[in-house]
Amino acid sequence: MKLYNISLNSLWRRKARMLFLLVGLLIAISTVIILLNITQTMNNDIANKLDEFGANILIVPQSDELSLSYGGMSVSGVAFDVKPLQESDILKIGKIKNKDNIKIISPKLLNVAEIQQKKVMVVGVDFEQELALKKWWIIIGATPKEKDEALIGADVKKKLNLSLGQAILINGVPFKIKGILEENGSQDDQLVLIDLGRAQQLFNKGSEISLIEVAALCYDCPIEDIVAQTSEQLPGAKVTAIQQTIKTKMKSIAQFEQFSIGVSIVILLVAGLIVFTSMSASVNERKKEIGIFRAIGYRQSHIIQIILQEAFLISSVAGIIGYFLGWVVSIYVAPMIGADSVAISININMISISLMISIIIGMSASLYPSIKASRLDPTVALQSL
Amino acid sequence: MNLIQINELVKTYQTGHEKVNAVDGISLDIELGEFVAVTGSSGSGKSTLLTMLGGLSHPAEGTVVIDEIDIYGLSKEQRADFRKEYVGFVFQSFHLLPYLTVQENVMIPLAISNLSQSDKNEMATRMLEKVGLKGKANRLPNELSGGEQERVAIARALVNEPPLILADEPTGNLDTATSNVIMQLFKQLNEEGQTIVMVTHDEQNLEFTTRNIQLKDGRLLKN
Ligand SMILES: Nc1ncnc2c1ncn2[C@@H]1O[C@H](COP(=O)(O)OP(=O)(O)O)[C@@H](O)[C@H]1O
Ligand SMILES: [Mg+2]
């Protein structure tokens with residue numbers, strides 16, 4: 001038998017005594033774990049969902065005459081005195097310093113063409129990149145795979161009375177309608193999309209492109225850095241950052257993170273107070289017991305050791321159970337706040353953090369009560385001696 | 001040979017604004033192998049004298065020398081070490097720890113020593129055998145009768161083999177029959193050479209002891 005056997009038995013055979021302390025510590029630790037898990041999950045989630053937010057950088061040719069507006073669609077072909085972008089510019093974007101932060105590069109060629117005697121905006125795109133960028137698109141039918149297949153907007157379908165699988169003539173060249181975009185209220189409803197290479201052929205544009213949309217994500221560098229690096233690579237182009245929902249979202253995550261830290265500190269302080277009061281009460285109840293130890297010849301340091309060992313055991317248990325409790329709750333809570341793309345897995349680092357926080361709080365809040373216990377006068381403690 | 005030398009011992013308690021000399025100038029020698037009964041009416045200072053003998057309570061004046069050690073000349077922690085080596089206490093209300101088994105209670109004094117686990121177990125088992133509790137090692141104290149609990153307390157006091165046993169009314173909570181059995185046990189220990197100082201209010205117990213000291217108002221009435 002050693003001193004830890006005394007601590008262990010004291011806890012084990014009188015479980016109810018320390019239950020309040022254990023539960024208090026447990027709730028505090030699991031709350032902190034929930035907050036930690038959720039902030040981390042929100043950060044991971046936004047990285048996963050980056051492409052759902054669409055492009056955040058727009059590259060168009062430099063022009064003194066007109067402001068080229070993608071939204072207004074009055075764009076290309078009208079502008080003159082403009083040196084258009086080339087397909088080779090796409091490769092240049094891939095050479096910037098923060099190239100790893102660039103997720104999608106979607107080039108476009110815009111032209112006005114005639115279908116059934118009506119003027120229509122025809123856009124040549126790289127379908128793979130474009131669909132990655134427009135995650136919210138719902139396509140009836142399929143995505144065009146062949147050069148002579150087209151994807152048309154809902155308004156185009158209505159106004160020209162077209163249907164899936166139908167053949168159309170664009171500037172007299174035959175195409176087949178492979179897919180129709182479901183109405184989404186944006187300019188996309190007005191477009192006819194075809195393969196970029198085919199469009200360049202059709203409109204005699206060589207390897208020209210009208211604009212490039214880029215989706216980039218950078219946590220620790222501002223989007224403006226990527227814009228500046230891209231401008232440097234493409235001196236003849238105008239590179240602009242588009243204000244975006246992702247920015248607001250990242251800001252709100254940062255705010256939540258600060259809030260979590262604040263709440264965690266308060267919770268841990270309260271937990272420390274709970275440990276302190278229950279340990280002090282426990283020492284008071286155990287005066288007689290401490291008197292027995294002292295009479296038998298235990299040193300003050302032995303008394304401190306017994307009590308701190310008990311604190312260590314309880315806080316270790318609270319730290320481990322608290323982690324798993326927090327983990328389970330986070331799994332349910334994270335989807336409720338929209339972070340549903342990331343599975344919250346058991347994390348060894350987090351278990352150690354949880355254990356460490358719990359032990360530090362449990363032990364430090366028990367230090368004073370244990371010292372007080374060790375200084376009790378044994379004769380007072382053994383009044384009935 | 002003198003084991004204990006007490007010289008002009010005084011203990012003062014402050015109650016309110018009144019000072020009470022619970023022990024009021026006692027000088028006394030106790031030899032190795034004696035079985036001393038300390039008697040006297042309630043409040044005469046018996047328990048106070050015993051705690052000072054055991055190094056638990058600092059006297060206001062005077063000295064306690066045990067085995068040539070002036071125990072109140074030691075530091076607090078040294079005095080704890082002294083108690084561990086020299087003194088086994090037996091209390092009236094047993095003072096067993098309710099969350100430890102009989103065997104574990106007996107081993108409390110050994111928990112702070114460096115002996116091997118098997119040595120500790122062996123020593124505790126031997127003591128339990130000696131006090132007649134061989135089969136009850138794994139019981140919890142509240143599963144035992146009063147007499148049995150007192151025997152556990154005695155085994156715990158003896159397990160370190162201390163030169164001195166100090167007992168404060170060890171039979172005070174027991175019926176006459178059980179009381180006699182316990183006194184018989186103490187007598188047997190004394191016959192094996194154990195020095196015992198026992199506070200008692202029971203005249204019957206005096207037939208087991210080798211010497212009687214009587215206190216009145218903190219002074220020696222009879223030695
Ligand atoms: N802790 C204490 N504080 C104040 N007075 C005490 C304390 N302990 C004992 N006394 C007093 O000292 C006197 C002797 O007490 P005690 O030694 O317990 O007597 P006994 O054991 O002979 O009954 C009593 O008057 C008692 O009230
Ligand atoms: Mg008394």
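The values are calculated or read from the model by the stated rules, or taken from the named source; none is laboratory data. Note that this is a predicted model, so its numbers are computed, not measured. When we count neighbours, we look across all protein chains shown, and the Cβ atoms used for this are built from the backbone with ideal geometry, even at glycine. Areas reflect the complete protein model, heavy atoms only, side chains present, ligands, DNA and RNA absent. Shrake-Rupley method; radii C 1.70, N 1.55, O 1.52, S 1.80 Å.
A few comments on the model shown:
- Highest mean packing first, where packing is the average number of other Cβ atoms within 10 Å per residue, the peptides B:7-19, A:310-322, B:198-210 line up as A:310-322, B:198-210, B:7-19.
- Using alpha-carbon coordinates, inclination of helix A:300-336 to the longest axis of chain A, degrees: 30 degrees
- Taking every DSSP helix (H) stretch of at least 4 residues in chain A, weighting each as -39,500 (n - 2.57) and dividing the sum by the residue count yields a mean residue ellipticity at 222 nm of -17500 deg cm²/dmol.
- Each label was represented as a point 7 Å from its Cα along the Cα-to-Cβ direction; for A:Leu169 and B:Val181 these points are 12.1 nm apart.
- Among the residues of B:89-98, the average count of other protein chain beta-carbon atoms within 10 Å of the residue beta-carbon is 5.
- For chain A, the longest principal axis of the Cα atoms and the long axis of helix A:348-374 meet at an angle of about 30 degrees.
- Apportionment of accessible area to carbon and sulfur, segment A:255-385, percent (1.4 Å): 71 percent
- Segment A:62-241: equivalent-ellipsoid semi-axes (sqrt of 5 x gyration tensor eigenvalues, Cα, Å): 29, 19, 14
- Amide H contacts of B:Ile213: B:Ala37, B:Val38, B:Thr39, each under 5 Å away and 5 or more positions distant or on a separate chain (H built 1.01 Å from N in the peptide plane; Pro and chain starts excluded).
- Averaging Cα coordinates gives a centre for segment A:23-43 and one for segment B:1-37; these two points are 61 Å apart.
- The label-point distance for A:Val270 and A:Ala16, in a model that sets each label 7 Å from Cα toward Cβ, rounds to 2.6 nm.
- A crude spin-label estimate for the pair A:Trp137 and A:Val328, with each label 7 Å from Cα along the Cβ direction, gives 4.5 nm.
- On association of chains A and B, roughly 2800 Å² of accessible area becomes buried (total for both chains; probe 1.4 Å).
- Taking only Cα atoms of segment A:301-383, radius of gyration then Dmax in Å: 19.0, 65
- For segment B:1-68, the convex hull spanned by the alpha carbon atoms encloses 84 Å³ per residue.
- Solvent-accessible surface of segment B:59-147, taken per residue with a 1.4 Å probe and all protein chains present: 43 Å².
- The slack between A:Ile337 and A:Gln62, meaning 0.36 nm per residue of separation minus the straight C-alpha distance, is 94.8 nm.
- Taking a ≥ b ≥ c as the square roots of the eigenvalues of the Cα gyration tensor, an a/c ratio of 1.5 or more together with a/b larger than b/c marks segment A:233-354 as prolate.
- Note that segment A:62-241 presents 51 Å² accessible area per residue, ligands and nucleic acids not counted, probe 1.4 Å.
- Mean Cβ count within 10 Å, highest first, over the residues of peptides B:214-223, A:349-358: A:349-358, B:214-223
- Buried on assembly, segment B:32-80 (at least 30 Å² less accessible surface than by itself, 1.4 Å probe): B:Thr51, B:Leu56, B:Lys76, B:Glu77, B:Ala80
- Entry note, segment A:62-241: relative contact order of 29 percent, from Cα contacts under 8 Å with a spacing of 6+ residues.
- As a length-normalised measure over Cα pairs under 8 Å and 6 or more apart, the relative contact order of chain B settles at 30 percent.
- Overall dimensions of segment B:2-222 by Cα: Rg and Dmax, Å: 17.3, 54
- Per residue convex hull volume, Cα atoms of the protein assembly as shown, in Å³: 234 Å³
- Cα-based helix-to-principal-axis angle, A:245-285 vs chain A, degrees rounded to 10: 10 degrees
- Efficiency of FRET between A:Thr248 and A:Lys119 - r from beta-carbon atoms, R0 41 angstrom, step 0.05: 0.65
- Distance from the alpha carbon centroid of segment A:291-358 to that of segment B:174-193 works out to 50 angstrom.
- For segment B:139-208, the relative contact order works out to 38 percent when only alpha carbon pairs closer than 8 Å and six or more residues apart are counted.
- Taking 0.36 nm per residue of separation and subtracting the Cα-Cα distance, full extension of the segment from A:Lys95 to A:Ile348 would add 87.3 nm.
- Point-charge dipole on Cβ atoms (K/R +1, D/E -1) for the protein assembly as shown, about Cα centre, debye to 20: 860 debye
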